[in-house]
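Undergrad: If you scroll down you'll find the structure; I have some questions about it.
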Amino acid sequence: MVYAFIINTILPGIPRLLYYDIFGQDGVADDSLDITADVLTSIRKSQIQQVFERVHSEYQFRRSFSGRSVEDDVLKLINDDTLPEFDTGFFRLRAGEVFQKDRYVIWLAAGYTAFSFVCEKYENRLVAESILKHLIRYLQEHVRVLTQPSETGLRSERVGVVVNTFLPQGNLLFLNNRLIRQLEKEVDNQIKAS
Amino acid sequence: MSIQAVDNLFQQARKASDEDIEKLCNNILDVFHQPEKLTECTNLLRQLYFILQVSDHPMSLPKKLLENLITSVGLMNERNLKQCLICQRIVKEVMPLDAENMSELLQPESGSSVTKNLFPLYIAQGKRYGCIKSVLSSAMRWLGNQDLDFESQRQSFVFLVAVSILHTSSLNTEYIETTSSKISQWLLNASIQQAPNPYTINPFRKDQTNIVNEIDGTPSQNFFTFLNIGQYYTEDQFLNIHSFSMLYKWLYHCHKQLTSDTTVTNNGSDMSPTDRCKQVFGNLASKTVEYCFRLLDQCERKPKVATDAEIQIACLYETVTILDLICSIEANYIPKVHQEIKRLYTRLSHDVTAFPVIIQILQFFINHNITVLYQSQYYSSLSITVSIYNVTAFPVIIQILQFFINHNITVLYQSQYYSSLSITVSIYNVTAFPVIIQLLQFFINHSSAVVHDPQETYQHVFTEILSQHYTDQGLMFDIVNFIMDNLDTLCYKTSILSTYFPNIFKILAWHPRTFLAEFIDILPALMSPTTSLEIFHTILDLPCMTGALETIVKSPENTSQLSTVTVTPASSLEAYQMALYRPLLTFITRVEGGHGDTINRLDSLHGVLDDLKNNPRVTVASQTVPVLLRVWFEEILENGGNDFAIQLLPVMLERSILLYPKPDFTADVKRILSENLVKLLKKYKSIVISQYDEISDFLISTRNIYNREEFYTNLVWCVGEYCTVQHSKTCTADLIAKYYNILEAVTYETSGIIINNDETSYITLKTVSVLISALSKLATRCQDLIPRAILCLTKVTKQHLTNSNGGEILVSRCQELINILKLPNFASVILNPPEEIESGRWHKDNTSIPILLRASHRHLTSDG
């Protein structure tokens, strides 16, 4: 189960959180009522922040020697309307580091935007990567997430539809090419609806 | 610019006051139930959602709004999905709810279709106020109801799996049993017909009943899996896909729950965890194996659409992991599964895209190799015989080991048999010597058919895959995880870590920012008495390894003959093409360890990699070195032993100057070496005496002070402190005198250098100060030397009387020492205090010398 899906801006400047969705719970004192809901919300927010800041730092490290500029990526998108090549990375978050449980993060980034999944330790990283790519593809199609990141924050209902279809309640599904097409159509219809 | 737009949005959202939010909420409430204002409502909702997400403090929503939001989530359907999803996410932002809201707004209504839409909210609420518990029974009812649509069953199933992951202990055996039997059905009984196109309504069309295809386009002959291709998929096929996608999580968590919870007894009878699993999972294990085997089969087909090849690999990765788990749950599947996995390995071992799967396969081998020995009929006969005979265990094991040695079986097998035998011994607490030897003979004759030696797979992963794909972070992530998960096995039962550590270090060299924390854990396991020194060199040269890897990656592949010219290369890339330098780069990126040392021409290597000094990857790699060095020294100081410290000393003396010339890096490393030199000699004090030759050679040359003054002075301090008969019986007056001679000579020389060169000198007064303290200490241990020491100190005083650059400090230090040395009996106590001085006792105990001295001093001064 994917614990969280996060979209944030990356270079240049301070990374900004554009969207996140949390599917599980971190197990911080589930039963204990000593911790108020407000505290839990704050913990949640700070965990998300720690994750995307780490993604930002990993991405900066990559960029420092890749020789590709952010503008290249965006230009390519605007001119050719093809997805740029993504930087992809994985890192572990050991129990107690950010979350109570052992988890890992897979991230993909290009242009102004980075996308990441926080996964349970045993989650299949190949499926995670493939689903993350599908999400990006359809988010670009429906909210121009790579070229106009500000839209992502505003058109959250569309983001919601895409995420709900390709990552239903945080579950990574094995999807062959026809299944993807079927879900793609579902997304189109749901976004068009009303 | 669009990134600017994001910043502006952020500022606006963050500025929203409580009043703004209240107003926004009221506006939403005004338009919420007006269908004609749907667009306006959606706009307001997404504003609210954005503010909730970006604000850095928690907010609460008015109860009325919360109620409306939750109600609309409950009524979610395909037409209003967009709006309902955003409502759902807004509610999730303010969850968990308090007791009042929870009981009024989020109570599950049994049988109502509202409940299934609220599952994500229940998950977000968690166990607070008994939420999960009350929903679980509803979900179970939904799941068991045959008349219900697949969609509802699927949602219940997703909810149950989420509960199994997040609140494992909430599931009782009954829940697990029912759900498992449903999964078995869904896995094997999905329809094999394609669904009609839901987007065309054609009443005249003939009802096509197309059978789904295999991934290569041929019609399917077997049961449905997610690798079957159809134009459209039916609901029950989706359920099948969900079942497989979530199968591992379900099995893993339920197995954990069933084996950990010893309080659960089934029908009042005590069952072993294995039997309980067997009963509760029912036929899920066998159905899973069947499904997985079919997938393995399907993965051998060549996909018609290229992108499906990726999903095949992901599928194999998952399948091997699931089968591994199944074998842990029910051991009798091992022989059958083992065979399949072996076959798979043979098929995949040269397929580059399948490398992630290989690591999963290796994990399987590690988990189940030993168990294979116990399989089938041998197991029962062994346990029966063992329970008849009753012999003490210890001598038996020695006999068994002797047997292995006599029969010349590889080390790997030895350790495996050894551990399996010790398991037997510990399980049954009895062993039958003659019978076991008979049985072993039988195993050796016959088990080769079953036991697979994973050595080949190990080698494949740790040599070929690692050295050719270190740039693939995903694959390296898998290998790091593999090492971390099997650290004990790898460390104690195989020689993988000690053999391939240079290769393993490539992971860090290439991904220094990503895997440092993992290497801090792995490092001690890589270290053994035979490898530690080589690892020390490897750590110090990590930036060079990174540089060399950068060079190799950037070098054009397989250019013709290497150049034999001997001119200095202009760049690292050029050096790589030269016969003179290629071996250096090859050495630093070697696959196997075992040299125990580094190369002679290390400085040439540093030279050719000089152009990469500011390379970002090399920079980050060099920043990891101090961290690793600290871990390395901690381990050595804990477990190194005197002999190792003796080997280490000359290496430290050598490497304290021989470092990759990157200013921050060398400064950090030198500081750590200096600190740890003192720690090492403090722990193994006798080394100062036994390694006189090494140390004196180093100290006598004042050139060694250049660029590593701290290291040098720390060594001088150690000589002054630890060259005493207290720490080693072999310390003689002669040896003390020899050290004294060196220190005296160096004192004159350094003092002279400072006076003559003044500000340009690379030696500071601190060195002279440490030197004179050390030689005074030595003099007190061999009192013949005291007059010479006083003379030396007097000369230094004279030299520095006119030195205005801090000379007065040195002069006063000399004066103090001269005064102390003039009273030899006191001097030897003051300059050679017993070790208790460090325990702090000296400053507390009323009979200690400092306290007595202070007291008598007070008496004398008050009298005067």
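Undergrad: Take peptide A:142-153, look around each residue's Cβ out to 10 angstrom, count Cβ atoms belonging to other protein chains, and average those counts. Before the final figure, lay out the partial values.
TA: Details: counts 0, 0, 1, 0, 1, 1, 4, 5, 9, 3, 2, 11.
Taking all residues of A:142-153 together, the mean is 3.
Undergrad: To continue, here is another question. Give the peptides B:86-93, A:71-78, A:170-177, B:292-299 in descending order of average Cβ contacts within 10 Å, highest first. Please list the in-between numbers first.
TA: Details: B:86-93: 23.9, A:71-78: 16.1, A:170-177: 21.8, B:292-299: 19.2.
The peptides rank, most packed first, as B:86-93, A:170-177, B:292-299, A:71-78.
Undergrad: Moving on to the next point. Specify whether the C-alpha gyration tensor of the stretch B:99-174 places it in the rounded, prolate or oblate class, a ≥ b ≥ c being the square roots of the eigenvalues: rounded for a/c under 1.5, otherwise prolate if a/b is larger than b/c and oblate if not. Could you put the intermediate results ahead of the total?
TA: Details: a/c = 1.89, a/b = 1.24, b/c = 1.52.
Oblate, because a/c is 1.5 or more while a/b does not exceed b/c.
Undergrad: Placing unit charges on C-beta atoms (Lys and Arg positive, Asp and Glu negative, everything else neutral), compute the dipole magnitude of chain A about its Cα centre in debye, rounded to 20. Working shown, then result.
TA: Working: 23 positive and 26 negative charges, 63 e Å.
About 300 debye.
Undergrad: Here's a follow-up. With θ taken as phi - 60° and the coefficients 6.51, -1.76 and 1.60, list the Karplus ³J(HN,Hα) couplings across the stretch B:732-749 in order, rounded to whole Hz; mark glycine and proline as x.
TA: So the Karplus estimates, Gly and Pro as x, are 10, 4, 4, 5, 4, 5, 5, 4, 4, 4, 5, 4, 5, 4, 5, 4, 4, 5 Hz.
Undergrad: Please name which of B:THR568, A:ILE43, B:VAL725 has its Cα lying farthest along the dipole of the protein assembly as shown towards the positive end, using unit charges on Cβ (Lys, Arg +1; Asp, Glu -1) and the Cα centre as origin.
TA: Of the listed residues, the answer is B:VAL725.
Undergrad: Can you list the residues of the stretch A:171-185 that have at least 40 square angstrom less accessible area with all protein chains present than in their chain by itself, probe 1.4 Å?
TA: Those residues are A:ASN171, A:LEU173, A:PHE174, A:ASN176, A:ASN177, A:ARG178, A:LEU179, A:GLN182, A:LYS185.
Undergrad: Averaged per residue, what accessible area in Å² does the stretch A:2-193 show with a 1.4 Å probe, protein chains only? Each step should come with its number before you reach the end.
TA: Numbers: 6150 Å² over 192 residues.
Averaged over the residues of the stretch A:2-193, the accessible area is 32 Å².
Undergrad: Only Lys, Arg, Asp and Glu count, each charged at its Cβ (+1, +1, -1, -1), so figure out the dipole size of the stretch B:2-105 about its Cα centre, rounded to 20 debye.
TA: Details: 11 positive and 15 negative charges, 71 e Å.
Here the stretch B:2-105 has a charge dipole of around 340 debye.
Undergrad: Right, here's the next one. Nothing charged except the Cβ atoms of Lys and Arg (+1) and of Asp and Glu (-1): what's the magnitude of the dipole of the protein assembly as shown about its Cα centre? Round to the nearest 20 debye. Write out the running numbers ahead of the final one.
TA: Values: 90 positive and 111 negative charges, 111 e Å.
That gives a dipole near 540 debye.
Undergrad: Summarise the accessible area of the protein assembly as shown (1.4 Å probe, protein heavy atoms) by the percent that is carbon and sulfur. Could the numbers behind the result be given before it?
TA: Numbers: 22970 of 44330 Å².
The nonpolar share, carbon plus sulfur, comes to 52 percent.
Undergrad: Could you give the accessible area per residue of the stretch B:470-538, probe 1.4 Å, as a whole number in Å²? Intermediate results must be reported in sequence, preceding the final value.
TA: Values: 1730 Å² over 69 residues.
It amounts to 25 Å² per residue over the stretch B:470-538.
Undergrad: Still on this model: B plus A alone minus the pair: what accessible area, both sides summed, probe 1.4 Å, in Å² to 100?
TA: Numbers: alone 42020 and 10280 Å², together 44330 Å².
Answer for the B-A pair: about 8000 Å² buried.
Undergrad: How big is the equivalent ellipsoid of the stretch A:2-193 along its three axes, where each semi-axis is √(5λ) from the Cα gyration tensor, reported in whole Å from largest to smallest? All intermediate terms of the calculation are to be shown ahead of the outcome.
TA: Details: eigenvalues 140, 88, 51 Å².
They are 26, 21, 16 Å, listed from largest to smallest.
Undergrad: Right, next: Longer than 32 Å from Cα to Cα, which of A:LYS133/B:LYS92; A:LYS133/B:LYS249; B:LYS278/B:LYS506 are they? Say none if no pair is.
TA: Values: A:LYS133/B:LYS92 25 Å; A:LYS133/B:LYS249 23 Å; B:LYS278/B:LYS506 44 Å.
Table pairs above 32 Å Cα-Cα are B:LYS278/B:LYS506.
Undergrad: Enumerate lysine pairs in the stretch B:685-808 that are 8 or more residues apart or on different chains, then count those whose Cα atoms are under 26 Å apart.
TA: Taking the Cα cut-off of 26 Å, the pair count is 15.
Undergrad: Under a cut-off of 19 Å between alpha-carbon atoms, report the lysines in cross-link reach of B:LYS679, not counting same-chain residues fewer than 8 places apart.
TA: B:LYS670
Undergrad: Within the stretch B:472-554, list the chymotrypsin sites (Phe, Trp or Tyr not before Pro) lying in a DSSP loop whose Cβ has at most 14 other Cβ atoms in a 10 Å radius.
TA: Numbers: sites: B:PHE477, B:PHE482, B:TYR492, B:TYR500, B:PHE505, B:TRP510, B:PHE515, B:PHE519, B:PHE536; in loops: B:PHE515.
Hits after loop and neighbour filter: nothing returned.
Undergrad: Under a 1.4 Å probe, what is the accessible area of the stretch B:689-828 per residue, stated in Å²? Walk me through the numbers before you get to the answer.
TA: Details: 6420 Å² over 140 residues.
Roughly 46 Å² per residue, with all protein chains present.
Undergrad: For the ranges A:157-168, B:686-697, what's the packing order if you count other beta-carbon atoms within 10 Å of each residue, average per peptide, and put the highest first?
TA: Working: A:157-168: 23.1, B:686-697: 17.7.
Output ranking for A:157-168, B:686-697: A:157-168, B:686-697.
Undergrad: How big is the stretch B:685-832 in terms of Cα radius of gyration and Dmax, in angstroms?
TA: 14.6, 44
Undergrad: OK, next. Which entries in the list A:LYS101/B:LYS116; A:LYS45/B:LYS23; A:LYS121/B:LYS182; B:LYS493/B:LYS554; A:LYS45/B:LYS554; B:LYS133/B:LYS342 go over 32 Å, if you measure between the two C-alpha atoms of each? Could you put the intermediate results ahead of the total?
TA: Details: A:LYS101/B:LYS116 28 Å; A:LYS45/B:LYS23 24 Å; A:LYS121/B:LYS182 26 Å; B:LYS493/B:LYS554 38 Å; A:LYS45/B:LYS554 41 Å; B:LYS133/B:LYS342 44 Å.
Distance filter (> 32 Å) returns B:LYS493/B:LYS554; A:LYS45/B:LYS554; B:LYS133/B:LYS342.
Undergrad: Could you name every residue in the stretch B:111-152 that has 40 Å² or more less accessible surface in the full protein assembly than in its own chain alone (probe 1.4 Å, ligands and nucleic acids excluded)?
TA: Buried by 40 Å² or more upon assembly, which counts only protein chains, are B:LYS127, B:ARG128.
Undergrad: Compute the whole-percent fraction of alpha carbon pairs in the protein assembly as shown spaced more than 52 Å apart.
TA: Values: 209115 of 559153 pairs.
Value for the protein assembly as shown: 37 percent of Cα pairs lie more than 52 Å apart.
The values are calculated or read from the model by the stated rules, or taken from the named source; none is laboratory data. Please read all numbers here as calculations on a predicted model, not as lab measurements. No Cβ is skipped: glycine too gets one built from the backbone with ideal geometry, and neighbour counts run over all protein chains shown. Just so you know, the surface numbers come from the protein's heavy atoms only, side chains and all, with ligands and any DNA or RNA stripped out. Shrake-Rupley method; radii C 1.70, N 1.55, O 1.52, S 1.80 Å.
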